[in-house]
Every structure is written in C-alpha cells, then in structure tokens.
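One structure below.
Read-outs: derived from the displayed coordinates by stated rules, not from any lab. Remember, it's a predicted structure, so these values are computed and weren't measured experimentally. Positions of Cβ are backbone-derived with ideal geometry, glycine not excepted, and every protein chain shown enters the neighbour counts.
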Amino acid sequence: MPLIEIDGQQLEVAAGSTVMDAAQRAGIYIPHFCYHKKLSIAANCRMCLVEVEKAPKPLPACATPVTDGMKVSTRSAKAITAQKGVMEFLLINHPLDCPICDQGGECQLQDLAVGYGGSASKYQEPKRVVKDKDLGPLIATDMTRCIHCSRCVRFGQEIAGLMELGMPGRGEHTEVMPFLETQVSHELSGNVIDLCPVGALTSKPFRFSARPWELSRRRSVSPHDGLGANLALHVMNNRVLRATPVDNEAVNECWLADRDRFSYQALTAEDRLTRPMVREGDRWIEVDWQKALAQAAGALKVIRDTHGAEAIGFLASPHQTVEEHYLFAKLAQGLGCENLDHRLDQADCSALPGAPWLGMPVAELDGLDRVLLIGSTLRKEQPLIAQRLRQAVKRGAQLNVVHAVDDDLLCKVTHKLITRPSGLARALAEIARALAEAGRDLGSVAAAVAGIAVSDEARAIAASLLSGERKAVLLGAVARQHPHRVDLHRLAEAIAGASGATLGVLVDSADAVGAAAVGCLPGPRGLGAAAMVAQPRKAYVLLGIEPYLDAHDVAAMRRALESSELVITLSAFKGAAQHYAQVILPVVPFAETDGAFVNMEGRVQNFRAAVKPAGESRPAWKVLRVLGNLLGLEGFAFDTAEAVRQAALPDGEASVRARLDNRAPVGELLLQAAVDGLERLGETPIYQGDMLARRAPALQATRDSEHAKLCWARGDLIQRLGLVEGQPVRIVQEGGESVMKLGRDDRLADGVVRVAGSHPLSSKLGPRYDAARLEKM
Amino acid sequence: MSLNVPNHKVCSWTQDYDQPASLATYTAHGGYEALRKILAEKTPAEDIIAQVKTSALRGRGGAGFPTGLKWSFMPRGYAGDKYVVCNTDEGEPGTFKDRDILLYNPHQLIEGMLIAGYTLGAKAGYNYIHGEIFEQYESWQQALEEARAAGFLGKNILGSGWDFDLFAHHGYGAYICGEETALLESIEGKKGQPRFKPPFPASFGLYGKPTTINNTETLASIPWIMRFGGQAFLELGKPNNGGSKLFSVSGHVNKPGNYEVRLGTPFAELLEMAGGVRAGHSLKAVIPGGSSAPVLPADVMMACTLDFDSIAKAGSMLGSGAVIVMDDSVCMVKALERLSYFYFEESCGQCTPCREGTGWLYRIVHRIEHGQGRPEDLDELLRIGRNIGGNTICALGEAAVGPVASFVKHFRQEFEYHIENKRCMVGH
C-alpha cells in the first residue's frame, strides 16, 4: 500500500486510490464540484487542484492516483491560488443573485465561494445567459446558473442507464439540455436535483416554497416499494415540503426514486380525510371519533353476532406500518375472524410457508454474476433495485429475463423469453427441463416438466445460470399477481435449486414482509383476499385500501362491496369511499405516525412522525387500539408505536428473520394451457401502486403516468384488428369493459394487451392477467 | 528528388513530378522500399525504434516530443488490439502543411503508418482528417484504394503474412479535436473533448486500447528515416532536432506557402525563400509556430534559426512550423483580438478555466481594440492568463494564453496607446 503525505499527515492508502480518496480518509476536505463518489471522474471543474511535490502544475485531486512517497499540499500557496483562480472563473458567468435562487442556503458554489471567492467581482464584461429547458413536471431549470460540472449528464449515463441530458455545444456555448428537446422521464430523474451543486436543476414542486434553513429535516422511510429508501422529510409549519435521500449504502445508497421523492405531495391532497364520517341513509355526516368508533364497533358486533365472524373480511394495504398490520390482524383474530389478508392485488392467495423476501441482503444484488428475473416490470416496480442490477450487469453479470414484455431495462439482457402471461410457467418449465437435461436435480417438479420441449433460448438461460458464482432467481410483481403464481414460484424454486442460485422475491410494497411476518394473513380456515372478493362477505374492514384500484379483479370487488351490508374503512383519503363505506375513519399516512416498515431483506426500519396528523385524523395503530378496546378484546393496551412493535416483533429483526421463507407451497404443477385470444397484462403502474403516489400531482404529470392511461398493443395486432393507434379502443373482459386510447408497443409478447391494473381507467375491468378483447369504437 | 537519394525534401519531394500523389510516381522513386525491406527482413521493432530515436525526429504537430521515445511507451506483448492514429486535424491558424502531404504525397504517409503499425504491433490505423479540407480527404482515400489494390494494405501485406489496414476519419472542423485525446473521443463517435491524463493513450487510447498518435508530417518522415537511416536524418538537421521540416509561411510575405528546410536553417533564409516582406514595409513581428506560439519581435526572430531549441530559447516555440509574418502595418491589438476570439470560440468548454477564461480574455482585448480599454486591463489580462495556464485538462488553455501574454509583453506600449488614446498607433 502506498504511503503518502497530505498536508503533513502521513497515511497508507490502497493502491489505485486517488488523492481525493486519500484526503477523505485523512479527514481533509478538498473543495470540489464535479467529483461525486458514485459517478465517474470528470476532472472538469478544476476546483480540487492541489499541489503535488515534483509536479510542475497543480493536479486535480479527484483524478490523480496516489503513488508511493507522494507529498500533497491541499492548502499551500500554489494550491490555494489555483483553487481561488478556478472559483473566480466559476463565478464570472454565474449570477451573483443568491437571494433569489432556490438553491440559496444549500448551494455548494455559494458555500465554497465564501472560502475561495473574492469579496467583489473583477469581471466587468457582459455575463452569459442560457435559456431554460423544460425537463417535465419534476425538475425546474435555471440554466444560466449551470457550472457545467456534468454530474447530471454522468448520472444519466452511468446510474440511470439512459442519457436524457447531454452537453452539446462548445466553449461558452456548452449547455446541459435534454436531447431533441424532449423532457426527462426516467424514474430516477429527480436525483439530478441533489447532484446539481448549484441552482441550475431544482425541484419543480418545491421551488420557492421555503429556504433550507427554515426547514427541519426529519428522517423517515419511503412507503412505496419494498426497498424502504431512507429519506428526510423537510418540514415547515407542520407541512412536509420536500423529501431528500438519506445515505444508506445498504439500502438506497444516496439515491431516491422519483416516487420516493415526490409522493409527499399527496399528504395535502384535496381528498385528505380529516374528520370521521358515518353514513346516515344517503347522507354522510361528520361525527366525532367517539361516535364513529362506537358505531363501527357496534356494527361489527351485530354482523358477528348475527352471521358469525366468518361473515367479515379484513383487508389491509401492504403499505401500512408493521404495527398497524399487527394490530389489524389482532383485531380480526380477536373477533374470531380468519378472513384476513394484505394481498388484495393477488389472484392466488394460497398459503406460503413463511414471509417471502429477497432471499439476500439488498446490497448483495450489485455483486451477482447471474440473474434470472421472472415476471417483473423491474424499472417501474423497483427503480432502485433495477439500478443495482444495472451496476451488476456493468460489472459483467448476465441478466436473463422471463416476462410478457421486453421492456428496456437500460442494461444488457443476456437471454430472454418473452411470452404471454399464460406462457410464463411453460417458459420456466423449459428452463427447468434444460437444467434437468444438464444433469441437475429438479426435485418435485422433475416429472411434470419431463415431456417439455426446450427452446434454444431456454437452454441458453439454463446454461447462463449454470455458470458464474453468485446467482439469483428473482420473482417480480407480475409473477406474484399472476393467477398461476404458485406454479411460477415452484418452478423458480426448482430452477434456483438446480442451478445453485438464491431464490428471491422482489417485494414491491413497503411492509409486505412485515405484514406476513406478523400474521396479517388468512387463518387456517380463513379466506384470502381473492376468496373474500369472490365469495362476498357481509362486512369488510379496510385498512389503507382503495378497493376499486387495489383489487386484482376490480369488477368482482365492486360486486362484493355492493352486496355487503357494512364497510368500515380506515383511510387517509376519501377516494371512492363514500360509494361503498358506512363508516370512514380518517387515519394518517406514514409521515404523520411513528412506526416501522420491514423491507424486502427483512430490515426493520423505524421512523417517527415528521408532522402532526392532519385535522382530526389519527395514526391507524391508535384507531385500531381503541377499536380493540371498544370491542372488549384483550391485549390492546398500547401507549406507543414502540410498544406495539415490541409486541409484534418481540425479538426485533430476529422475529422477522424467523419468519422469512421463500419455499413454495408443496403440490403438483398445473402448467396452465394457453389462453385463447388476447391476454391482458395488467401490472400496477409505477405511480398507481399506493394512495400517496396516486395523489402526487407531479408524479401524475409524468410520462409514466401518461403511458399508464393507454391500452398498449403490438403493431401487428393493431393492424390485424383494424384498429388505429392513438384512437380510443374498447377493452372487454369477462365482468367489465373500459375505453382507453390505443398505444403501440412492439416489445409486447404476441397476443398481449397491456392495460394497467390499479388504474381509474381500468377500474371497471376484470382480472389483471385474464383473457381480454379489443373492439373498435 | 526522390526516396532513392537522401535529400532534404523529406516530405515534399513528390512535388517535382507531374502526378505527385500517384502510386506510380511514389514507387518509381523508391516509395514502399523501406516497408518492403522491413517485411522481407522481418526487422525487429526495437531496431526500428532505435533508428527513429537516433534520427532525433520530434513531433511535427506542435509539441516537438521525441517520436522514438513516444513509440517506446507502447506496451510490448499486450494481448489485445493496439492502434496507430495519424493526426491530420490541422486546425492551428497559420498551419497548412499536412494537407499538402495528403494532397501531394499520400503514399509516403501510408508507408509511414504501415511501418508504425508494424513496429507498434497495431491492428489498424486511423487518419483523422480536419473537417474543413475535402480535396485532401479524397486524395488520401484514393491513395488508400491504390495501396490496397497493390497489396500494401489489408491481409497478408506483400506476402509477409502480416495484416494491417488504414481508415480515414473525417472530422467536423473543431480545433480541439487536434488535441490527441479529444481526437480519440471524436473517432469513437463522442463529443470531441480532451480526456484527463493519466492514463495516457499508450495505455488507454482508442476504444480503451494502447494507441500511438503522431502528426502527419512525423509519420510521413518515417519511410525516409528507414530508407537512409536515423543518422542521415539527424544530420539533415542539428543535434536533438533531426531532419527537415515543412514551414507554412503566411502573412505579409511576397510568396506565402510551404517550404521544407533543414532544421537549424536561419529564419532570414526562410523569409527570403518566401519572397521577403512586402515592398515598402518592414518586418514587425513573427509568430513562429502557429497561433498559439508566443509572438516574437522582428529583431529577436531575425536572430533565430529554425529549430525547436533555438526558438524555445528565444521565448517562443517552433510548434507546427506555421510562420506568421507581420509587417509594420499590423495593429497588434487587433491581431490579438482576432487570435483571442479564435481560442474563445474553440475552447471545448469542458473545464472551467478555459471555458470561462478564454471568453474573459477575448472580451477585454475586444474592449481595448474598440476604444474602451482601462489602464488596469493589461495587468488583468496577465493575471487571468496565469490562472488559466497550467490549470486546465489540456493545452488549449495555455495556447490561448500564449498570444495574450506575449503580445502584451512585447508590444505593451501599443496596447497602452490604444487604452489611452482610444485609437490605434499604426493608423487603423
């Protein structure tokens, strides 16, 4: 290891590190703009120039490799002169109007100008003005402020995998701009706001709403996908004004998905519920908590006493906290009801041996050599997991895909089998069979796949999985929601077992692992979510659910709720609750309660309320506690969320770990026959997965949200059916129909119609992966 | 003249003949003989590099780096592909010599690149041709076709079992692409911006592979050296400055053009070859090595010989050999304004000091020229120049500063006159 000296301090640093790395190790700050630990070295800002003994010129610390015996001075006269010279150049064309810049107070240029800038500008010439760009609904621009550090450009190339911003032009005419005047649409685009060291790229929704020093930063956890990105909610006057990432290398590194970053907007959505409401005949009246809770408890008791506890169905969103999942389950069980579930979007809710999880730590994804990704629209389900796998691929991993659409993952896919949803199990069976032919043991599925003919691509995927060291077979949300999910799971398990890979589930909601771990699942004789919909109950208790969006089969869900006698909903937002509920209990979203989410690797992440509950709304765990008490149930005496968590997970993370289990249910393979005609691919779109994302105006204005409004079909299908791209088309499924605009996507498998689930425009349709017809309007 | 008898017209000898660019002319006068001999005898690479080192051939593109030394940086026994790149991105104002090689003697360049490719173990060679010259590009392409048809390029060259091919890459006219790493980026299809070094092209060059980049005239000199030996080339010039060199003489002379003379020739002789300064005018100043070289006043220049060391000693550089002659009608402020504008426009914009500093320099000079100068401007120009020089990724920053610092140094009173009187002392 080279021994070097920085500012008189001697230290040993790893060979291949830079002077910047060494300085950081020594606790010495070298001013910089273009350098970023997660991005490639550009060495273009020149702010980190330092003096290196024997070098004739100052050298950029970020790009200079250490050599044994090197002597570096970061604060010598020569270094300071160079740094001050660069600062002067950076400022000559930069507007010196910090008081009207949104970055003011958290600007790297402003901060460093204090140390390295002059007190007055010597520049007397006209300053450069750069036209602003329209980057879409998330990112505001003030391009005159750009200092050309190229961090945003490198982020696109290296992290996002899509170069949406570039730097055309030469010299002073160099400008950061979106190519071809298009907007920025990547699901991680908001990170450029953090990366931009000046006020050139700022948050459009947050713009000019507060100064950083007016905001308190409160740590929280993102309530969307199963990653649980660590974030800071910035609060002023009891209002969350923005969210920024908190570094956690094990979870989100220093990134946030746009969904994590902008969903806070929903906290103040128009339909936020702030007072309990009960239905009296056709009228809704606002009541106090006491009355609402008494009415809810009373009505539940009546149903139980007249029809039995099995007449009630308990449905929770997987995005609630683990404490809420625990108490919700306890409430159902206390009433003697086993109809309990948090998997409303699943077609098949049959029991699993334990809580499905990633099967490995999140951080190990980057180091995988071989991956088989099954049934996952990865970028939209798990934007940051997609990013980690992209880095793995860059390091040489082979990514193989089995899916119904060949979406661009923005990295190299080695082999893929793209087939309609009903063919997914067969595709996996081929891979399994290929492994068997290579002499691997498939265990219980061996006989079922014995007669399967193996395609070249399946064989190639099997061969890929048989090479390499660190391997994973990952099941995505489409596989989870799929009606033949158990088949997919069994085959994935067999493939993983036969190839020596880890089986992982890409858990796509904030606390699905927690919900499963604390038993928010049907009891031995109880009904799962799908059965509760298919066999309507007399009463439903809903926690954080929008049934007409969340259900796997929305048409059936409508029929179930319409035929019920009682629906009690605990929700932060009104949505369509007034159409189906009798009692509406306003509970708070994650930002207003203490709690914890258990992420896909089983990590329990606690957070505190960042702001007070809106109006009279209350944390759901408190509401459930009172309901339990009113119903005379045992064990609801909790004063704090911590106490609930202690009861739910007595050994903390160890209690979760004890429940983690990715084994598939034991049984025969069905190997679904191909569906006649067209099949719907009804994934949950990126900004429709939960109540918050659905209500964030900025997210709803993105291209992803626009795309979710379309019915997508392949060009050859559009032609065959005599349909016209861009025109409305009728989608007909058993149980319902919808009209949407037709879009063309040639990456779909043959015979697939992509019509999003969890979407208002498809909320009259049937099951997400069932037969569908397209009709001309 | 020819490649059969050693003479000082190393690169320009074909112009004595009717069809200077043709393969027939070239082969009739000793062309491709050096290559033939190397392939037939399987001359070891070390021996070729030793000859080039002996020749004291220094890079003709401007930096004057010893070519043999540069070639010795290429890794031996490297398992992957390696490349040879010829830099014909001749964009330095005042320089117009390499285009004549493409136009009148393309085969000597091809032969030079072949020998370089053979010596360095390269898989292929690229010639990056400046985007604003077209006839020359065509001429080179035609020569490539001729050479390929005659078996000098492609598979199994001259029956030796050695494969090598050459390709042309036509640039788009950006000055910065003459910087060797920006040139590589441009060939790769990226924006032409210099890379920071290390790593150097010899270890991480074109497509990340070991690459040697030489100027056109440098590579075209190689067949001569291999034909007559490094010592003969060295003796054409003077110690540490081997060979002859093409000088592009422009400005206020009666016969502007390219002149190939031995290194060490007195400047006065070159001036005389170019027909001397216009009648009725006297020599005022000379930029001896292309626009980025510091300007030298007439008396200093007249005492110089044309070689790297002599001009460096006088405070400028031989550079690419572009001799810009200015007579007493020239307003030095206006001349500098134009030069500064060039560097301002051609800065790639990647790194801060150059992107911001070149514009600042130009705007101040522009103000002075337009009667809005301020007394503190001259010191400010020098101060800004010091903050650019040495702090940038590539040499363009220093190239922009060179003229400013030297014009102000040697002609300060002219600038002061402008600032004070808001007009020019030479009557513009």
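Quick look at the numbers
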quantity	calculated
Cα-centred dipole magnitude for the stretch A:619-777, charges only on beta-carbon of K, R (+1) and D, E (-1), debye, nearest 20	500 debye
Column: log10 I(q)/I(0), Debye, Cα scatterers of the stretch B:349-428, q = 0.18, 0.24 Å⁻¹	-0.69, -1.06
Charge dipole of the protein assembly as shown about the Cα centre (unit charges at C-beta), most positive-ward option of A:Leu384, A:Gly334, A:Cys34	A:Gly334
Whole-Å distance, taken between Cα centres, linking the stretch A:25-64 and the stretch B:207-276	39 Å
Rg over Rh, two decimals, the stretch A:81-121 (C-alpha only, Kirkwood Rh)	0.95
Shape call, the stretch A:590-717: gyration tensor on alpha carbons, a/c limit 1.5	oblate
Cut-off 13 Å between beta-carbons: net charge of the residues surrounding B:His29, Lys and Arg +1, Asp and Glu -1	-2
Cα gyration tensor shape for the stretch A:7-101, rounded if a/c is under 1.5, else prolate or oblate	prolate
Of A:Ser76, A:His94, A:Ala43, farthest towards positive along the dipole that unit charges on Lys, Arg, Asp, Glu beta carbons give the stretch A:27-145	A:Ser76
Computed log₁₀ I(q)/I(0) - Debye formula, equal Cα scatterers, no solvent, the stretch B:285-355, q 0.22 Å⁻¹	-0.95
Residues B:Asn254 and A:Ser40, FRET efficiency given R0 of 45 Å [Cβ-Cβ distance, rounded to 0.05]	0.25
Exposure proxy order (Cβ contacts within 10 Å, fewest to most) of A:Lys38, B:Lys82, A:Lys127, A:Lys380	A:Lys127, A:Lys38, B:Lys82, A:Lys380
Nearest 10 degrees, 0 to 90: helix A:554-563 Cα axis against chain A principal axis	50 degrees
For the stretch A:193-236 and the stretch A:615-677, distance of Cα centres in Å	30 Å
Relative contact order computed over the stretch B:174-289 (Cα-Cα under 8 Å; 6+ residues apart), in percent	12 percent
Sum of -39500 (n - 2.57) over DSSP H runs of 4+, divided by residues of chain B (222 nm, nearest 500)	-13000 deg cm²/dmol
16 Å Cα-Cα reach of A:Lys412 towards aspartates and glutamates, excluding residues that sit fewer than 8 places from it in its own chain	A:Glu158, A:Asp366, A:Asp369, A:Glu457
Net length gained if the chain between A:Ala453 and A:Asp746 were fully extended (0.36 nm per residue, minus Cα distance)	102.8 nm
Estimated FRET transfer efficiency (A:Thr182, B:Asn421; beta-carbon r; R0 51 Å; 0.05)	0.40
Whole-angstrom Cα spans of chain A along principal axes, big to small	88, 67, 57
Ranked B:Trp140, B:Trp13, criterion: other C-beta atoms within 10 Å, fewest first	B:Trp13, B:Trp140
Charged-residue dipole, Cβ positions (Lys, Arg, Asp, Glu), the stretch A:142-283 about Cα centre, Debye nearest 20	620 debye
Cross-link reach list, lysines versus A:Lys764, counting only Cα pairs under 21 Å and skipping chain neighbours closer than eight places	A:Lys574, A:Lys709, A:Lys741, A:Lys776
About the Cα centre, charge dipole magnitude for the protein assembly as shown (Lys/Arg +1, Asp/Glu -1 at Cβ), debye	1060 debye
For chain B, built as a Gaussian network whose Cα springs stay under 10 Å, the top-fluctuating residue of B:Phe196, B:Phe344, B:Phe65	B:Phe196
Kirkwood Rh, Cα atoms: Rg over Rh of the stretch A:472-561	1.02
Positive-end residue, the protein assembly as shown charge dipole about Cα centroid, Cβ charges, pick of A:Ser509, A:Thr182, B:Gly276	A:Ser509
Relative packing of peptides A:149-156, B:226-233 - highest average C-beta neighbours within 10 Å first	A:149-156, B:226-233
Stokes-Einstein D in µm²/s, Kirkwood radius over Cα pairs - the stretch B:250-382 at 37 °C with 0.692 mPa s viscosity	205 µm²/s
Linear extension gain, A:Ser121 paired with A:Leu671, 0.36 nm per residue minus alpha-carbon span	190.6 nm
Förster radius 51 Å - calculated FRET efficiency between B:Trp162 and A:Gln719, Cβ distance, rounded to 0.05	0.40
Exposure proxy ranking, count of Cβ atoms within 10 Å, fewest first, for A:Arg283, A:Arg275	A:Arg283, A:Arg275
Fraction of beta bridges assigned by DSSP in the protein assembly as shown that are antiparallel (%, nearest 5)	50 percent
Helical mean residue ellipticity (222 nm; -39500 (n - 2.57) per DSSP H run of 4+; nearest 500) of chain A	-7500 deg cm²/dmol
Cα gyration tensor of chain B - equivalent ellipsoid semi-axes, whole Å, descending	39, 24, 18
Listed pairs A:Lys416/A:Lys471; B:Lys37/B:Lys97; A:Lys57/B:Lys238; B:Lys97/B:Lys190 exceeding 22 Å between Cα atoms	B:Lys37/B:Lys97; A:Lys57/B:Lys238; B:Lys97/B:Lys190
At q = 0.13 Å⁻¹, base-10 log of I(q)/I(0) for the stretch A:242-391 (Debye sum, equal scatterers on each alpha carbon)	-0.92
